[in-house]
Amino acid sequence: MKYELYYWPEIQGRGEYVRLALEEAGAAYVDVARGPRGTAAMMKMMDAHGGTPPFAPPFLKAGKLVIGQTANILLYLGARHGLAPKTEGGRLWVHQLQLTITDLVVEIHDTHHPLGPSLYYEDQKPPAKKRTADFWSERVPKYLGYFEQLLTESGGTYVTGRRLTYVDLSLFQIVAGLRYAFPKRMKAFETDIPGLLGLHDRIAARPNIKAYLDSDRRIAFNEQGIFRRYRELDA
């Protein structure tokens, strides 16, 4: 089966967590909106009446299934491509961790858009600066400290132990994205998360992921996505 991934064609965004899982699994897929008339096709699916139309991208078409929400898509893919534990309890645990990452992603986005996405960044610079300071003093240590602890307790290879899951791929993206958006702040914080840095490097070296990162399928970080580099927020 060839999957159809629907997400905005110019950004990594929330769709990147799904792309990483598909790439690691070696699954056949097409990034629909990056093709001719792909964005129009994506919008048409969201405007559909009846059935199970998705609220927003990313969403995945798998045969007759249309699955929305990043964590939900990964729950589906993980069980089918060896990227989640085999037991029900294990799958729910990994799903729970992915939902925690989803919360973190929202907070990362809100560093540059604390008043909401309907306003330009330039219209909310002072609140963004205040939000970013709180994010790095309070939220980053809480979130990354939690995952660092899980890695340590698992033996330090992957979050759940010896086997890779989609959560490890998502944490790779979190580290890479924070390094892009906040290079100075992240460099100062990295001594507190040696386990996550090691995890990042192990993921980057995996054959399928390395090939993906070196290809044009990997969209570069930019100031339209979740991770945005603004010098004044990285002071």
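The values are calculated or read from the model by the stated rules, or taken from the named source; none is laboratory data. Owing to the predicted nature of the structure, the values given are computational and were not obtained by experimental measurement. Positions of Cβ are generated from backbone atoms using ideal geometry, with glycine treated the same way; all protein chains shown enter the neighbour counts. Note: accessible area is taken over every heavy atom of the protein model, side chains too, but ligands, DNA and RNA are not part of it. Shrake-Rupley method; radii C 1.70, N 1.55, O 1.52, S 1.80 Å.
Sub-7 Å Cβ pairs linking a first residue in region 57-86 that is more than 18 Å from Val167 (Cα to Cα) to a second residue that is in a loop (DSSP other than H, G, I, E, B), at least 6 apart or interchain, are Pro57/Tyr7; Pro57/Trp8; Ala62/Met1; Gly63/Met1; Val66/Thr52; Val66/Pro54, ordered by first then second residue. Give the residue that is farthest from Arg19 (Cα to Cα), with candidates limited to residues of region 203-221 that are part of a helix (DSSP H, G or I) and open to solvent by 80 Å² or more (accessible area, probe 1.4 Å). Among those residues, the one meeting the criterion is Pro207. For region 42-91, the set of residues classified as among the β-branched types (Val, Ile, Thr) and in contact with a Pro (Cβ under 9 Å, 6 or more places away or on another chain) consists of Val66, Ile67, Thr70, Ile73, listed by residue number.
Selection within region 163-183: residues that are under 18 Å from Leu75 (Cβ atoms) and assigned to a loop (DSSP other than H, G, I, E, B). The member of this set that is farthest from the chain's Cα centre (by Cα) is Arg163. Highlighted here are the helices (runs of 4 or more DSSP H) found entirely within region 9-89 that include at least 1 residues which are open to solvent by 20 Å² or more (accessible area, probe 1.4 Å) and at pLDDT below 95: 38-46.
When Trp136 is tested against (1) more than 30 Å from Arg162 (Cβ to Cβ); (2) open to solvent by 40 Å² or more (accessible area, probe 1.4 Å); (3) aromatic (Phe, Trp, Tyr), just one condition goes unmet, and that condition is (2). For Phe227, the criteria (1) buried (at least 17 other Cβ atoms within 10 Å of the Cβ); (2) closer than 18 Å to Leu74 by Cβ; (3) not polar (S, T, N, Q) hold in every case but one, which is (2). Scanning region 90-118 for residues that are modelled with pLDDT of 95 or more, out of contact with any Lys or Arg (no Cβ under 7 Å at 6 or more places or on another chain) and not in a helix (DSSP H, G or I) returns His113, Leu115.
Against the criterion of being of a type in the set (Gly, Ala, Ser), within 30 Å of Trp8 (Cα to Cα) and in contact (Cβ under 8 Å) with a residue 40 or more places away in the chain, Ala181 qualifies.
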